[in-house]
1. If I ask for residues that are touching a Phe, Trp or Tyr at 6+ places or on another chain (Cβ under 8 Å) and modelled with pLDDT under 85, which ones from region 164-203 would you list?
2. Of the residues R145, R140, which is modelled with pLDDT of 90 or more, exposed (fewer than 15 other Cβ atoms within 10 Å of the Cβ) and touching a helix residue (DSSP H, G or I) at 6+ places or on another chain (Cβ under 9 Å)?
3. Residues that are closer than 30 Å to D99 by Cα, in contact with an Asp or Glu (Cβ under 9 Å, 6 or more places away or on another chain) and of a type in the set (V, I, T): does region 274-281 have at least one?
4. What are the residues in region 104-137 that are surrounded by 15 or more Cβ atoms within 10 Å (Cβ to Cβ) and β-branched (V, I, T), if any?
5. Out of R206, R171, report the one residue that is among the basic types (K, R) and either under 25 Å from the mean Cα position of the chain (by Cα) or surrounded by 19 or more Cβ atoms within 10 Å (Cβ to Cβ) (or both).
Amino acid sequence: MNSIQLCCMLFSLSICSSICRHVVVSARKPSFAYTSQTHRSSSGPALVSRRIPDISTTFRAPEVSQHRGQTVCRMSTESTESVGLTDGGKSNSNTKMKDDTIIDWKSRIDISIAKSRKIRGSNYVQISTVDHATMEPRCRTVVFRGFMKDVPLQNPGAYGDCVMKMITDLRSNKVMELESFHSSGNLDRSNVEMVWWFPKSSEQYRIRGKLQFIGNDGPLYSYNESDDNICNNKEYFIAERKQQWGNLSDMAREQFYWEDPGISYTSTCAKGEGIPAGGRDDDGKVLPPPDTFLLMLLNPTTIDYLRLGDNFRQVDKWEDGQWLSTRVNP
């Protein structure tokens, strides 16, 4: 390499380094407010030193290298903080979540629902049951459709507005699984658990309890004396079922006229033969709910609440006609 080529290469490196330093300073300059201080060198012009607020990414000096006779300048970044399990609990809200107050789970979940009301899919919950034959868990996603109001219980107390509404098909596995426990007399093993995650507030509710299915003639079966009271007020629950049927979209109503779930798919299913459009008659009126449509009610008994923002955990249990709330370790 002669002296001319060496001078050209050094000149190119000098220009590239100057450009990269300018890019680094510009990139590090945040859009929010920053402070600056001016101090003078003893042998040169005034220099400006900027103090950049702490951000999650730090820009490193550019790497200059040779590749196929060309000078390559690379920008690189590295994170200033490690990612751990607790990072999943960082709230999207700008407010710092720190509240040690213990309130009952129903009041708490009403607040969580209100915060996430505008988020699509925020009312999707997961419900798990147990297959009676294999004793294996079964989990699926369903749509939460609100809490029951003015439930006619013998001693409603603080429980009156805690019954959770969903819908299901009489032919679904969850119905058959719980029916198996009832027919075998193992009512204590027929508990289910719901998991409800609220991404906006980083909160999780695990809600354990018993499912009750409401059909054309009222509840399909009874658990205890309180359910006997439900049977005695079956007209109330039948009316709730009818109202929920009318609240469904046309597409949702059509599903309850489909062929049995789980069977081999046929072209008949695709054509929708024999299915009333939108679950309506020829005059456009909503048809009465078919036998396959069930109102599914969850009667909570234990709620395990976890807030990942500050690792606050609380367990609520229904005992002696009241909710008992206890803070526990996460």
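1. H182, L187, R189, S190
2. The unique qualifying residue is R140.
3. no
4. Residues satisfying the conditions are I109, I113, V125, I127, T129, V130.
5. R206
So that you can scan it fast, the table gives a plain yes or no per residue for (1) modelled with pLDDT under 95; (2) in a loop (DSSP other than H, G, I, E, B); (3) surrounded by fewer than 18 Cβ atoms within 10 Å (Cβ to Cβ):
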| position | (1), (2), (3) |
| --- | --- |
| Q243 | no, no, yes |
| A252 | no, no, yes |
| F256 | no, no, no |
| M296 | no, no, no |
| N299 | yes, no, no |
| G309 | yes, yes, no |
| V315 | no, no, yes |
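The values are calculated or read from the model by the stated rules, or taken from the named source; none is laboratory data. From a predicted model like this one, the values you see are computed outputs, not experimental measurements. Here Cβ is always computed from backbone atoms with ideal geometry, including for glycine, and neighbour counts include all displayed protein chains.
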